[in-house]
Amino acid sequence: MGWSWVQVLDGAGFFQSIAAHAHGIIHHWPFFTRAEITAIHAALTITPLFSTVTIHTDSQSAIDGLRLCATSSYSNSRLYYKTTNFELWAIIEHLISSKSLSVTAVKVKGHSGNFYNDFADSLANSAYASSLTIFLSDLDQVSPHDFILKYDDI
């Protein structure tokens with residue numbers, strides 16, 4: 001499944017405001033929500049310390065997950081294991097905390113003519129054919145815990 005992110009600079013003009021972008025693919029349990037979370041993880045990984053980040057997404061699940069990260073709700077292990085894609089959210093929570101990031105999420109309507117959202121979608125869709133694709137094969141193996149949950153050797 002493909003994922004992508006687009007960095008937009010405020011006030012730089014319409015087409016000139018795209019500062020950077022990346023896209024890639026994930027394996028193991030592909031699902032659209034997992035792709036959205038992976039894109040957030042990839043973007044926050046390269047975000048400088050003490051930055052203020054606004055994430056525009058068409059995924060309400062991603063927004064809800066980011067809200068939980070902002071409140072450090074994953075420190076409650078019971079909630080942590082009940083959350084879909086808990087490992088990815090825990091990694092994102094750790095990134096936000098360790099980099100002292102201020103992260104907010106804004107909901108945009110998908111497939112509605114929003115240039116940046118449509119561009120990000122096209123990047124994600126083209127990830128398999130691009131030579132610049134980032135493959136996050138080990139993302140499932142990253143965990144804030146001393147053990148990794150597996151099913152059927154995956």
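The values are calculated or read from the model by the stated rules, or taken from the named source; none is laboratory data. These numbers come from a predicted model, not from an experiment. Virtual Cβ from ideal backbone geometry, glycine too; neighbours counted across all protein chains shown.
Assorted remarks:
- Selected residue [among the polar types (S, T, N, Q), in contact with a helix residue (DSSP H, G or I) (Cβ under 7 Å, 6 or more places away or on another chain) and more than 17 Å from W3 (Cα to Cα)] from T83, T45: T83
- Within region 76-113, tally of residues that are on the phi < 0 side of the Ramachandran plot and either in a helix (DSSP H, G or I) or without any contact (Cβ under 8 Å) to a residue 40 or more places away in the chain (or both): 22
- Cβ-Cβ under 8 Å pairs, at least 6 apart or on other chains, region 2-31 side more than 20 Å from A124 (Cβ to Cβ), far side modelled with pLDDT of 70 or more and not in a strand (DSSP E or B): L9/S17; D10/S17; G11/S17; F14/F115
- Residues that are under 16 Å from A42 (Cα atoms), modelled with pLDDT of 70 or more and in contact with a Cys (Cβ under 8 Å, 6 or more places away or on another chain) do occur in region 95-111, at least one of them.
- Within region 24-69, the set of residues being crowded, with 19+ Cβ neighbours inside 10 Å, within 11 Å of the chain's Cα centre (by Cα) and of a type outside the set (A, V, I, L, M, F, W, C) comprises R34, E36, T38, H41, T57, S59, G65.
- Residue, modelled with the lowest pLDDT, within region 120-154, restricted to residues that are of a type in the set (A, V, I, L, M, F, W, C) and more than 16 Å from the chain's Cα centre (by Cα): F147
- Screening the candidates L44, L79 for the property of being out of contact with any strand residue (DSSP E or B) (no Cβ under 6 Å at 6 or more places or on another chain) and at pLDDT 90 or above yields one hit, L44.
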